[in-house]
Amino acid sequence: MRDVAIIGVGDTRFGEIWDKSFREIGIEAGLKALEDANVGAEQIDALYVGNMSAGKFIDQEHVSALVADYAGLANQHPATFRLEGGGAGGGLALASAFMAVASGLWDVVVAGGAEKMTDVGEEEANRILSSTADQEWETVFGATHAALHAMVARRHMYDFGTTREQLAAVAVKNHRNGAKNPNAQYQRELTLEAVLEAPVVADPLGVLDCAPLSDGAAVVVLCPMDMARKFNDTPVRIVGLGVASDTIALHDRRDITTMDSTVVAGKRALHMAKVGTDEIQLAEVHDNYTISEILAIEDLRFVEKGKGGPATEEGVTELDGDIAVNPSGGLKARGQPVGATGIAQAVEVVRQLRGEADARQVDGAEVGLTHVQGGTGATAVVHVFRREN
Amino acid sequence: MAIPRFWREIQSRYNLVGTRCGNCGTLDFPPRDVCPKCGRKSVGKMEKVPLSDSGTVVSYTTIHHAPKGFDGTKPYLLAIVELKDGARLTSQIIDCDPADIAIGMPVEATFRKLGQDGASGIIYYGYKFRPSLPATEET
Ligand SMILES: [Zn+2]
């Protein structure tokens, strides 16, 4: 297996991008990544696109070929693939691109993610998000995506004494980071009081515990490590990859306060990377709800099980803490164009490891991690990255 | 939801029918063709059985942002319920003040309208749970 590097990154601003279509945001992020990588379009062998539900959001399937076409690649007929795994689609696209390069099959491979969520109304968008749960045995009984995560939060509070304020502290931290990210959907700080007093969505989660609906795209360019310096002076190596699945319905889990898919994907990725948890300096994790970040930092073993709430409150996960979690602002503040999130996380980690993250730069960052999950954790994808000196 | 799609699941949604693995005895709800513990050894040995209609609340939430079709009853309670024989499911909790629900609370199944496809669409039915009536305690 060959070592694989990321040689270019690009993204759009996340948010309500009224004036641009799905294909336009995809191309905007893609062209930035190719420019960053110094790669000509004619060199691209394959394209992997993470996308959750273009069919429902914009009534357009077959978006992998569509994006390649509008990137001007149709005449060279690259291999194109679309990956779907609820919120984990971007992570699956990166994993697939990695495998293609590592295997030796292809050299220059693009992994992208895009979602256009604001062409439908908020209620419809939330209905589409809920379809990543079990439609026959969860949503038909009135469950929503937020409600399922609320039940995780309620049980976590019961089992470990996690407080409402600790949940809110996740949102406050991620907005503080997002305020330093010029591509974030929300570039304003939030007070703890604002989070606590926001209208309730599904008790105990309020509106400001939930990541927003967003449009956006992100793209990375991969090639074999031994070719990387031909394109770019600052390659970042993908040193570990873990993908895992679990029951589709939350109620079938062994324990609803532990995402076993995240535990397993994390272990697989760190084992492959030969990296200890204590070596990870920054992590972009799947904070689609505040409770999700608390579970993620526990299940990735950054903190002890049950201690995610207090750790967040004590500043362990701040930019200058033991491990910077969601320096980009995360899904919560940076935004949540679902299929793009896994790639956007990789974009952020690459910028951090290159030392290009400006006001939100984590000092001396050399090793970073990304984590996305689909549904209520039926799919999880973890990648580990290392700066190449 | 198309009529056949709902009709197919009626047995389980009306009567809490699950499966028992003939190999290891594990109960599952809804019915499965393959036991999650035994894999292929269970194929052909998954027997349909009605499950217990009482259990306890594992976790719960009060839903204020309701999806279409459920907004008439909001806010409403949703819970994960563990049935007495061990299987778990997701259900609404009715006849219960949101201030009174708690983890561990005993609940029992009841048969209700679940939802409707639009104003003149089909109405579909199934289980909801409610607090168990106290049996013989207190006078
Ligand atoms: Zn069995």
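The values are calculated or read from the model by the stated rules, or taken from the named source; none is laboratory data. Please read these numbers as outputs of a predicted model, since none were measured by experiment. As a convention, Cβ positions derive from the backbone with ideal geometry for all residues, glycine included, and neighbour counts pool all protein chains shown. Quick note on the areas: whole protein, heavy atoms, side chains included, nothing else; ligands and nucleic acids left out. Shrake-Rupley method; radii C 1.70, N 1.55, O 1.52, S 1.80 Å.
Considering only segment A:197-210, I want to know if a residue exists there that is buried (at least 24 other Cβ atoms within 10 Å of the Cβ) and away from chain B (no Cβ under 14 Å). Within segment A:197-210, none of the residues are buried (at least 24 other Cβ atoms within 10 Å of the Cβ) and away from chain B (no Cβ under 14 Å). Test A:Asp322 against the stated conditions and say whether it is within 14 Å of chain B (Cβ to nearest Cβ) and open to solvent by 40 Å² or more (accessible area, probe 1.4 Å). Judged against the criteria, A:Asp322 is not a match.
Checked against (1) within 29 Å of A:Thr247 (Cα to Cα); (2) surrounded by 24 or more Cβ atoms within 10 Å (Cβ to Cβ), A:Val347 passes all but condition (1). Residues in segment A:134-156 that are more than 7 Å from chain B (Cβ to nearest Cβ) and either surrounded by fewer than 21 Cβ atoms within 10 Å (Cβ to Cβ) or of a type in the set (Gly, Ala, Ser) (or both): A:Gln135, A:Ala153. Looking across segment A:26-55, just one residue is outside any loop (DSSP other than H, G, I, E, B) and of a type in the set (S, T, N, Q), and that is A:Gln43.
The combined condition, being touching a strand residue (DSSP E or B) at 6+ places or on another chain (Cβ under 9 Å) and either open to solvent by less than 50 Å² (accessible area, probe 1.4 Å) or more than 13 Å from chain A (Cβ to nearest Cβ) (or both), is fulfilled by B:Thr62. For segment A:372-383, the condition of being of a type outside the set (D, E, K, R), open to solvent by 10 Å² or more (accessible area, probe 1.4 Å) and without any contact (Cβ under 8 Å) to a residue 60 or more places away in the chain holds for none of the residues.
The set of residues in segment B:1-23 that are within 10 Å of the ligand (Cβ to nearest atom) and open to solvent by 20 Å² or more (accessible area, probe 1.4 Å) comprises B:Arg20, B:Gly22, B:Asn23.
Among all residues of segment B:24-39, there is none that is more than 16 Å from the ligand (Cβ to nearest atom), part of a strand (DSSP E or B) and in contact with a Lys or Arg (Cβ under 6 Å, 6 or more places away or on another chain). A:Val67 falls short of the stated requirement of being under 16 Å from the mean Cα position of the chain (by Cα) and either buried (at least 20 other Cβ atoms within 10 Å of the Cβ) or touching a residue at least 40 places away in the same chain (Cβ under 8 Å) (or both).
Reported count of residues in segment B:32-53, each being more than 11 Å from chain A (Cβ to nearest Cβ) and surrounded by 14 or more Cβ atoms within 10 Å (Cβ to Cβ), is 11.
Residue-wise test of (1) at pLDDT below 95; (2) outside the structural domain of A:Arg268 (by TED's automatic domain parsing); (3) β-branched (Val, Ile, Thr).
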{"residue": "A:Thr162", "(1), (2), (3)": "no, no, yes"}
{"residue": "A:Ala168", "(1), (2), (3)": "no, no, no"}
{"residue": "A:Asn174", "(1), (2), (3)": "no, no, no"}
{"residue": "A:Gly178", "(1), (2), (3)": "no, no, no"}
{"residue": "A:Glu197", "(1), (2), (3)": "no, no, no"}
{"residue": "A:Asp226", "(1), (2), (3)": "no, yes, no"}
{"residue": "A:Val243", "(1), (2), (3)": "no, no, yes"}
